[in-house]
Amino acid sequence: MTFNERLKKDINWSKYTNKEIALYCNVSESKLYAWKAGKKYPDVHHLWRLSQLLHSQTSTLHHVKGQFFIYVKMIDSERK
């Protein structure tokens, strides 16, 4: 499952609207749509905010974006 597929699934499962998610992440709705379409990817800060809101593990959400893998693993270990 790609990042954008996983993100869409988690958003559809959540009780939040796209507008609420964008506001929580402090991004525009168009940026959120770009993430959902797979055209852009969130940075670590935004990924962390998404995982908090959607109750997803960051490593699950961000498994496609290998360049942040080390940071993601550090964030996951801090959450435990």
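One table, with the values for the structure above:
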quantity: Residue 45 - accessible surface, heavy atoms, 1.4 Å probe, Å² rounded to 10; calculated: 110 Å²
quantity: Net lengthening on full extension, residue 39/residue 16 (0.36 nm per residue, minus Cα-Cα); calculated: 6.1 nm
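The values are calculated or read from the model by the stated rules, or taken from the named source; none is laboratory data. Source: prediction; values computed, not measured. For the accessible areas, the whole protein counts, side chains as well, though only heavy atoms, and no ligand, DNA or RNA atoms are used. Shrake-Rupley method; radii C 1.70, N 1.55, O 1.52, S 1.80 Å.
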